[in-house]
2 protein chains.
Amino acid sequence: MKYLFTNILGSFVLDDQLEVIDNLPFSSAQEYLHPQNNEQKLKKRHPQLTPLPFDKLSKVLLSFKDPQYYDAFYAKNMALTKTAIQQSVSEDIFVMQTIANINELDKTINLLSKRVREWYSWYAPEIVEHLSDHEKLMELICSKNRTELLKESETMGANLDKSHVDEILLLAKQVQELFKLRELHEKYLQKVMQKYCPNLLEIAGATIGAKLMELGKGLKHLALLPASTIQLLGAEKALFRHIKTGARSPKYGIIINHPLIQKAAKASKGKAARMLADKISLCARLDYFKGEFKAKEYRKELERKLGK
Amino acid sequence: MKYLFTNILGSFVLDDQLEVIDNLPFSSAQEYLHPQNNEQKLKKRHPQLTPLPFDKLSKVLLSFKDPQYYDAFYAKNMALTKTAIQQSVSEDIFVMQTIANINELDKTINLLSKRVREWYSWYAPEIVEHLSDHEKLMELICSKNRTELLKESETMGANLDKSHVDEILLLAKQVQELFKLRELHEKYLQKVMQKYCPNLLEIAGATIGAKLMELGKGLKHLALLPASTIQLLGAEKALFRHIKTGARSPKYGIIINHPLIQKAAKASKGKAARMLADKISLCARLDYFKGEFKAKEYRKELERKLGK
């Protein structure tokens, strides 16, 4: 009677005394994940090979406790873990890191833009007051100097030396760079999602889609969430307030920013959110289970129904 | 009897019926701030001119309520206010804006550096783990690619496509730019303070000196503060806790970061802080009242006394 036994080191042939009489070690961690090859080869060499019965397993395991195997076990386990960690990186992570960084860039841009406004308003308060859009203001003050924008006599700002103004412009240029980076991140997000979750991208857009993935902790988990949960992702605070104090339940989470819901009349926003969340849920499932591209139809359907 | 009366429009000569019989308008807001010139000229033309007595003032003021003066009053007041605002900008503002922005840049750099660490550690966790200094890490990952830093087989990071790695590097480069901007701000601060408050700069250094000015709301106010308050600037929270709950009183505010106090033995830190605050207070006064440059002597004195 000969037995076949496989562990992380390789495949082994044991005689009826459970002594190793033949073996075929794995050369890499990948082979252990598909041990059939090695087992087939051994079966050819030893025609009457049966799998090790369960009652003999503990004895065999004990014999592998021999210190001669320690180093090999350590190395193989390490390699296997490394491979597992390496392979755990999926598009989920790119999307989630990118959208998290876009949020942080937004915060940063806001903080630094306000500083530019405060600082520059000692020099040309009229321009700062006149333009409420941060990005346009940065562009304006970086590309033109004050005399091109205002008459000297018109401004209440002080006549600062060039060295002082330059210091403000350095910061304004930096803020412009942050705006550019944000734009690049959005393009990148679009590209990654186009491949990874085209349905979700089509129905929800890059920003909302990515935020949903972030809040849902990855596409897999998002795909497994019920549509009613997706509808409320991002409104957790209001939801728990509803549960604890009986306040009104929230009708929508971050999908409120979706153009279809923005366009809906106030009374039907809740209904629109429910319908959109339904379709988003379907799309996340299509993407996770590698289904076909149906989001365009869904979107048209929603537009037709909500347009009425 | 002829009276002399001056308001923002100009100087007027009134007869005993309080009718205007001569006048000399101001041509600019600056002239109003020094009305002596106009008044002297009128006194030459009308030898027996006396200042308007107080009991006749209200009648004269009433006559100036005539709508013919409205436009002139509005324009002159506007010009005067503009001038006052323009001239209110002093070096205080440059120093305070710059130090506030350095603080904000620090926050931003920290936030974005952490994001780079988290993101890049999917690619090369060993490098991120190995280098705890944000600035050096950014430099390293921007200047070299992973194969130059690690053997492929050694890393637990995933093999990402170039497009994914590039996105992280864009952010890392941005963080580097922010580090550079912070450095430029510090140099600028040094330059402005060298001119405006050389004593404070010498005794406290650029960062601490500027923070003291920010906390003290300008050099003037800082110069008027007692040394004991300067010692505790930045420790307001602990001070009020001390007053309200009887907890221990704080011994130092932000001057704790000064090298002289850092170097002092723990038991004598309080004493060192008191002595340093004394000298800082003196220096702020020297700077505000345009005194001589004495900070170097003070610093040597402190070093000698605290060195023992």
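The values are calculated or read from the model by the stated rules, or taken from the named source; none is laboratory data. Being a predicted model, the structure only gives us computed values, none of them experimental. Every residue, glycine as well, gets a Cβ built from its backbone with ideal geometry; the counts of neighbours run over all protein chains shown.
Here are a few things to note about the model shown:
- B:Leu112 falls short on exactly one of the conditions (1) within 7 Å of chain A (Cβ to nearest Cβ); (2) closer than 30 Å to B:Gly216 by Cβ, and that condition is (2).
- Put simply, of B:Ser153, B:Ser132 the only residue that is farther than 25 Å from A:His185 by Cα and within 11 Å of chain A (Cβ to nearest Cβ) is B:Ser153.
- Number of the condition not met by B:Lys107 [criteria: (1) at the interface with chain A (Cβ under 9 Å from one of its Cβ atoms); (2) under 35 Å from the mean Cα position of the chain (by Cα); (3) surrounded by 15 or more Cβ atoms within 10 Å (Cβ to Cβ); (4) of a type in the set (D, E, K, R)]: (3)
- For B:Leu224: the one exception among (1) of a type in the set (A, V, I, L, M, F, W, C); (2) buried (at least 17 other Cβ atoms within 10 Å of the Cβ); (3) within 25 Å of the chain's Cα centre (by Cα): (2)
- Among residues of region A:156-213, those that are among the basic types (Lys, Arg), within 12 Å of chain B (Cβ to nearest Cβ) and within 30 Å of A:Leu224 (Cβ to Cβ), counted: 3
- Taking every residue in region A:68-88 that is touching a residue at least 24 places away in the same chain (Cβ under 8 Å) and in the same structural domain as A:Asn7 (by TED's automatic domain parsing) and pairing it with any residue that is assigned to a helix (DSSP H, G or I) and of a type outside the set (Gly, Ala, Ser), at least 6 positions away or on another chain, the pairs with Cβ-Cβ distances below 8 Å are A:Lys76/A:Tyr32; A:Leu80/A:Tyr32; A:Thr83/A:Gln30.
- Among the numbered conditions (1) away from chain A (no Cβ under 11 Å); (2) hydroxyl-bearing (Ser, Thr, Tyr); (3) touching a residue at least 40 places away in the same chain (Cβ under 8 Å), the only one that B:Tyr123 does not meet is (1).
- Exclusive hit being of a type in the set (Gly, Ala, Ser) and surrounded by 21 or more Cβ atoms within 10 Å (Cβ to Cβ), set B:Ala247, B:Ala238, B:Ala277: B:Ala277
- Pair list, Cβ under 7 Å, 6 or more apart: region B:24-52 residue within 26 Å of B:Thr81 (Cα to Cα) and free of Cβ contacts under 8 Å to residues at least 60 places away in the same chain, other residue among the aliphatic types (A, V, I, L, M) and part of a loop (DSSP other than H, G, I, E, B): B:Pro25/B:Leu9; B:Phe26/B:Leu9; B:Tyr32/B:Ile8
- The criterion of at least 1 residues that are within 23 Å of A:Lys217 (Cα to Cα) and either assigned by TED's automatic domain parsing to the domain that holds A:Gly216 or among the aromatic types (Phe, Trp, Tyr) (or both) is met, among helices (runs of 4 or more DSSP H) falling completely within region A:229-308, by A:236-245, A:269-288, A:295-307.
- Scanning region A:142-149 finds no residues that are crowded, with 20+ Cβ neighbours inside 10 Å and either free of Cβ contacts under 8 Å to residues at least 24 places away in the same chain or within 11 Å of chain B (Cβ to nearest Cβ) (or both).
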